[in-house]
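**Student:** Quick one: this structure, given as structure tokens, is what I'll be asking you about.
The values are calculated or read from the model by the stated rules, or taken from the named source; none is laboratory data. Quick caveat: nothing in here was measured; it's all calculated off a predicted structure. Glycine gets a Cβ as well: all are built from the backbone with ideal geometry, and neighbour counts include every protein chain shown. Each accessible area value is taken on the protein alone, full model and side chains, heavy atoms only, with ligands, DNA and RNA left out. Shrake-Rupley method; radii C 1.70, N 1.55, O 1.52, S 1.80 Å.
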Amino acid sequence: MSFLPAGGYREGCSVLHKMDALGKLICTFLLLGAVIVCHSLPGYGAMAAVLLLLVRFSGLGFGTAFNGVKRMGLFFCVILVMNAVFFEAEQVWWQWWIFRFSREGMIQGMRVVVRVAFAMILGNLLLSTTSPMEIVGAIESLLFPLQWVGIPVRDVAMILGVSIQFIPAFSQEAETLRKAQTARGARFESRKLSEKARSVLPLVVPIFLAAFRRADELALAMEARGYRRTKGRSRFRRRRLSAADGIGILASLLFYAAQAML
């Protein structure tokens, strides 16, 4: 099958594949924080350079790492337009009714688009270089202190892990439906926004129905295998944090601090 959905785990022996899942999760959160606090052009350039370096270390290739971003072009255009015409600004280029097109709105829209794209690339790198079971174990270890206040950490980690595994399944389902609609005459590649919107609408209901169907099948399969919550069940054994993991966390923390000061 030539289509590889975004967010699916891909085996490999790269530097990121060999890192511990907990270390990668902490690094991802720190880098996401760096994306949020970034406000200057040099900061965005530095963030882009770090992402290119991570893609290089992951061994996935730029096509795989940017797979999810390429499919969200229409969504990014909507974000840019919404910020450009509704952002409150002092100097307005053009105004009509409730629409206020301004330079500040364009800049804010580009910032939001870049931040969302960076966040998607980071998430794709994490999910593509870490197996689902390792992610569940890392989430459980990260949320372990909440167990002292009565929160079922293992159940929460299992729910998040199952949700993460549904991402590539839904991507594949959406791609299959898109090809079927294209064969029926839908014009997804049209340059007209109205035609693209009419083509996307028939995909919404089937995707939701597929989500409920897959969730019901998963629940039946877990019940058939005797699954009864996570209490008393065996725990996934994680690898211990290595020196490389510590270096990665420290580098991510320093980069976050540098971005906050720019």
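**Student:** Rounded to the nearest 0.05, what FRET efficiency do residue 210 and residue 11 give with R0 = 22 Å and r taken as the Cβ-Cβ distance? Could you check?
**Tutor:** 0.25
**Student:** Compare 15, 37 by solvent-accessible area with a 1.4 Å probe and give them largest first, with all protein chains kept in place.
**Tutor:** Order by accessible area, largest first: 15, 37.
**Student:** Same structure again: Test of understanding: what is the full-extension gain from residue 56 to residue 220, defined as 0.36 nm times their sequence separation minus their Cα-Cα distance?
**Tutor:** Going from the current span to full extension adds 54.9 nm.
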